Amino acid sequence: MIIVLVIVLVLLAIVAFFLLRGRSSAPSGAPAPRRGAAPAGDGIGGKVRNLFAGGATADAWTELEDLLIRADVGPKGAEDLVTRVKSRVSSGGDAAQALREEVEAVLGGDVDLNISDGELSVVMVVGVNGSGKTTTIGKLAKRLVDSGLSVTLAGSDTFRAAAGEQLDIWADRSGAHIVKQTRGADPASVAFDGVKSAQARGSDVLIVDTAGRLHTRTPLMDELEKVKRVLAKAAGRDPQEVLLVLDASTGQNGISQARAFTDAVGVTGVALTKLDGTAKGGIVLAVREELGVPVKLVGTGEGAGDLELFDAKAFAERMIG
């Protein structure tokens, strides 16, 4: 009996030790980090200030350009930014502050989604497989439904295995209506049905998923052009938005993707996925500088609500620090 009592007391002591240890490592009242926020100190502002600690030397400017290239700004964008920052610092400005303000200026402020009042708005979504296209569509549908709009989804990606099932799940999560056909059906036919169904239901927004095979395959671009023509004919005008979903982690490869889709279907904005930090966030600048296409949406996590309207000022502050 005494042995049992001793064992129980030892176990209680062990449990109490780990409970107290857990409390000491997580003080009560400490705010939980916001999902998708850049980690503290993730910006490159500290590195910029270190570069110029010894003055605005030629080496400092060269290293700044290299730093921006490594952040996926791209050679052209990095060179242009350095030129503009250099003109400001020569008159006594702070290099990091000047860089942050120039980044914000390049991004050109916030650009809202083009959603019309009182008539159906068509949003065509394009992007290569694996970029997070269908997930972004689901998150966007939820965001729009939560704002009080009625949404229809059209599954025009009829070739990728499980694309329709994935869109079904997101339609259920977001409260959107879905229009689809069997796998292998004509994508343009699904797009046409989507417009007519959305009009008949009085939907505010139709979001059209499309195929995303490798962008180097010309037939894909031909197919997307056809889908866009059919959408325009069925709705009586061009889609209000042609959103390109771009994986932020692809770096400069994303620029070639963006250029191919822009040339084919006239991309009006970018939805950037997997931007869970700012170390490589220069792709945002590269897209804007080289293609003139604004970033409109940013995916910041895996949750259904982890899709934000792009905030140019907040991005500049997070990237530079």
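The values are calculated or read from the model by the stated rules, or taken from the named source; none is laboratory data. Not measured: the values here are computed from a predicted model. Cβ: placed from backbone, ideal geometry, glycine included. Neighbour counts: every protein chain shown. When the accessible area is computed, the model is the full protein with side chains, heavy atoms only, and any ligands, DNA or RNA have been set aside. Shrake-Rupley method; radii C 1.70, N 1.55, O 1.52, S 1.80 Å.
Data table
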item	result
Every residue from the range 277-291 that is touching a strand residue (DSSP E or B) at 6+ places or on another chain (Cβ under 9 Å) and open to solvent by 20 Å² or more (accessible area, probe 1.4 Å)	ARG288, LEU291
Residue satisfying all of: in the range 220-248; open to solvent by less than 30 Å² (accessible area, probe 1.4 Å) and in a helix (DSSP H, G or I); nearest to ASP72 (Cα to Cα) among these	ALA248
Long-range neighbours under 9 Å by Cβ, at least six apart or interchain, first residue without any contact (Cβ under 8 Å) to a residue 40 or more places away in the chain and among the polar types (S, T, N, Q) within the range 143-166, second assigned to a helix (DSSP H, G or I) and open to solvent by 10 Å² or more (accessible area, probe 1.4 Å)	GLN166/THR135
Output for the range 71-91, where each listed residue is open to solvent by 70 Å² or more (accessible area, probe 1.4 Å), at pLDDT below 90 and either in a loop (DSSP other than H, G, I, E, B) or not basic (Lys, Arg) (or both)	PRO75, SER87, SER90, SER91
Some residue of the range 291-300 being over 12 Å from the mean Cα position of the chain (by Cα), closer than 24 Å to ASP146 by Cα and not in a helix (DSSP H, G or I)	no
Complete set of residues in the range 143-165 that are crowded, with 21+ Cβ neighbours inside 10 Å and charged (D, E, K, R)	ASP157
Residue within the range 135-142 that is among the small types (Gly, Ala, Ser), open to solvent by less than 70 Å² (accessible area, probe 1.4 Å) and touching a residue at least 24 places away in the same chain (Cβ under 8 Å) present	yes
Breaking point among (1) open to solvent by 60 Å² or more (accessible area, probe 1.4 Å); (2) free of Cβ contacts under 8 Å to residues at least 60 places away in the same chain, for ARG173	(2)
Selected residue (only one of ASP263, ASP209 is of a type in the set (Asp, Glu) and surrounded by fewer than 21 Cβ atoms within 10 Å (Cβ to Cβ))	ASP263
Test: THR268 is closer than 30 Å to ALA232 by Cα, open to solvent by 20 Å² or more (accessible area, probe 1.4 Å), touching a residue at least 24 places away in the same chain (Cβ under 8 Å) and not acidic (Asp, Glu)	yes
Answer from ASP193, ASP168 - the residue that is part of a helix (DSSP H, G or I), open to solvent by less than 70 Å² (accessible area, probe 1.4 Å), modelled with pLDDT of 95 or more and of a type in the set (Asp, Glu)	ASP193
Subset tally (residues that are open to solvent by less than 40 Å² (accessible area, probe 1.4 Å), without any contact (Cβ under 8 Å) to a residue 24 or more places away in the chain and either in contact with a Pro (Cβ under 6 Å, 6 or more places away or on another chain) or part of a loop (DSSP other than H, G, I, E, B) (or both)) for the range 92-134	1
